[in-house]
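Data block below; observations after.
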Amino acid sequence: KLECLVRKQRKVRMLQKVREGKYKMSIKSETLLNDELEKQRNIKNNLIEVMEETDRDFPHLKEDIKKILLTIQEAA
């Protein structure tokens, strides 16, 4: 829930900056923005699956793969 709250706060700050003219939105509608967000989540989930499979295939790289997985999972 905290992660969701932080994400929404960032979105509000970004939209305020767009309104002030500091940034231009590349995606104009909320629907397209949500579609893009869903696509990015799918890519992230696929990447996590690949890294988990790699972890099983190469157990001697467990520590390095764990770091990569933690980095991917932290990215929002």
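Derivation of every value follows stated rules applied to the coordinates shown; laboratory data play no part. On a predicted model such as this, the values are computed, not experimentally measured, just so you know. Virtual Cβ from ideal backbone geometry, glycine too; neighbours counted across all protein chains shown.
Quick notes
- Taking only the Cα atoms of the chain, the radius of gyration and Dmax are 16.7, 51 Å.
- Helix-only [θ]222 nm of the chain, DSSP H runs n ≥ 4, -39500 (n - 2.57) each, per residue, nearest 500: -27000 deg cm²/dmol
- Cross-link pairs 39/62; 1/66; 11/44; 8/44; 17/39 - those with Cα-Cα distance over 21 Å: 39/62; 1/66; 17/39
- Charge dipole of region 2-74 (Cα centre as origin; +1 on each Lys and Arg Cβ, -1 on each Asp and Glu Cβ, all else neutral): 760 debye, rounded to the nearest 20.
- Farthest toward positive dipole pole in the chain [+1 Lys/Arg, -1 Asp/Glu at C-beta], among 29, 46, 15: 15
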